[in-house]
1. Could you list all residues from segment 200-210 that are more than 16 Å from ligand 2 (Cβ to nearest atom) and in contact with a strand residue (DSSP E or B) (Cβ under 8 Å, 6 or more places away or on another chain)?
2. I'm trying to understand the selection: among the residues of segment 151-196, which are within 16 Å of ligand 2 (Cβ to nearest atom) and not in a strand (DSSP E or B)?
3. What about residue 135, is it crowded, with 22+ Cβ neighbours inside 10 Å, part of a loop (DSSP other than H, G, I, E, B) and touching a strand residue (DSSP E or B) at 6+ places or on another chain (Cβ under 6 Å)?
4. Would you call residue 299 touching a residue at least 24 places away in the same chain (Cβ under 8 Å) and either more than 15 Å from ligand 2 (Cβ to nearest atom) or farther than 26 Å from residue 176 by Cα (or both)?
5. Looking at residue 175, is it buried (at least 24 other Cβ atoms within 10 Å of the Cβ), closer than 30 Å to residue 46 by Cβ and in contact with a strand residue (DSSP E or B) (Cβ under 8 Å, 6 or more places away or on another chain)?
6. Being touching a helix residue (DSSP H, G or I) at 6+ places or on another chain (Cβ under 7 Å), farther than 30 Å from residue 227 by Cβ and either part of a loop (DSSP other than H, G, I, E, B) or modelled with pLDDT of 95 or more (or both): is that true of residue 124 here?
7. Could you check segment 255-282 and list, in sequence order, the residues that are more than 26 Å from residue 183 (Cα to Cα) and surrounded by fewer than 17 Cβ atoms within 10 Å (Cβ to Cβ)?
8. In segment 106-119, which residues are assigned to a loop (DSSP other than H, G, I, E, B) and surrounded by fewer than 21 Cβ atoms within 10 Å (Cβ to Cβ)?
Ligand code: PAY
Ligand code: ZN
């Protein structure tokens with residue numbers, strides 16, 4: 001399906017459009033969808049999401065998009081997956097959707113996302129620092145903060161912030177996460193671009209998860225399912241090998257601080273650089289379809305092991 005009410009996946013939507021659509025879902029599916037506030041922003045916005053629950057007693061999968069403002073395909077893909085979980089009549093998708101409670105946060109850097117309407121290549125938050133604006137919210141989480149691949153210079157695109165959780169977005173969302181963490185067993189973060197499925201950890205401490213082999217096996221299975229749709233090739237690997245050392249990321253924090261969360265991945269969605277962050281809107285639906293295939297495969301692998 002390419003439409004649900006006033007919302008569709010043929011163009012990119014602004015923050016108000018996404019939030020209005022989340023509200024409409026809670027109205028349309030009152031027994032299944034409730035709106036949630038995961039935190040707040042420097043400019044006073046809410047980090048809004050939805051909880052999707054088809055029944056009691058389920059483990060929780062946490063899905064974040066849009067931590068980097070310019071990666072527009074991320075919120076678009078997260079909303080696509082959310083919509084399929086609510087509307088698909090495919091038996092495999094239904095079984096996966098109904099195997100978890102889902103927390104979907106399509107845009108966890110709302111100030112930055114709003115700012116990309118004026119400055120399309122904005123990445124960071126919008127809190128003012130000495131000579132520049134914003135910290136990189138994916139360098140600001142309190143797990144091996146500033147341990148490689150992050151900058152202490154406030155004008156850098158990878159400025160880690162003045163301290164761990166200096167950004168109200170990461171601090172408030174982490175506090176929200178801590179209230180549900182005991183039930184979470186899957187954490188997925190969506191970025192673009194590079195076509196990668198990244199496995200923790202990104203920091204320079206050469207740490208790999210205890211279940212590194214399992215994460216590679218499931219990641220490769222997910223990449224295979226993704227490729228089966230349109231031939232899109234993804235590379236699977238730990239963050240330093242697959243891209244570069246990067247510390248203070250959200251998935252590192254979720255996997256590192258809450259050690260029972262064994263399954264954590266960061267997706268780098270389409271493409272490999274031809275369009276980069278400016279992925280044409282015609283590619284939203286195919287990206288959504290193939291990424292859904294990967295997410296379904298991950299959950300199927302987890303549910304059967
Ligand atoms: O922890 O996920 C991680 C690190 C990898 C990403 C990051 O730097 O936060 C990779 C980049 C991203 O999505 O922000 C890749 C893109 C192309 C970039 O801006 O370098
Ligand atoms: Zn990113």
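1. Of everything in segment 200-210, those that are more than 16 Å from ligand 2 (Cβ to nearest atom) and in contact with a strand residue (DSSP E or B) (Cβ under 8 Å, 6 or more places away or on another chain) turn out to be 201, 208, 209.
2. Residues satisfying the conditions are 156, 157, 158, 160, 161, 167, 169, 170, 173, 193, 194, 195.
3. Judged against the criteria, residue 135 is a match.
4. Considered against the rule, which asks whether it is touching a residue at least 24 places away in the same chain (Cβ under 8 Å) and either more than 15 Å from ligand 2 (Cβ to nearest atom) or farther than 26 Å from residue 176 by Cα (or both), residue 299 comes out as yes.
5. no
6. Criteria met by residue 124.
7. The answer is 272, 273, 274, 275, 276, 278, 280, 281, 282.
8. 117, 118, 119
The values are calculated or read from the model by the stated rules, or taken from the named source; none is laboratory data. Since we're looking at a predicted model, the values are computed, not measured. We place every Cβ from the backbone using ideal geometry, glycine too, and count neighbours over all the protein chains shown.
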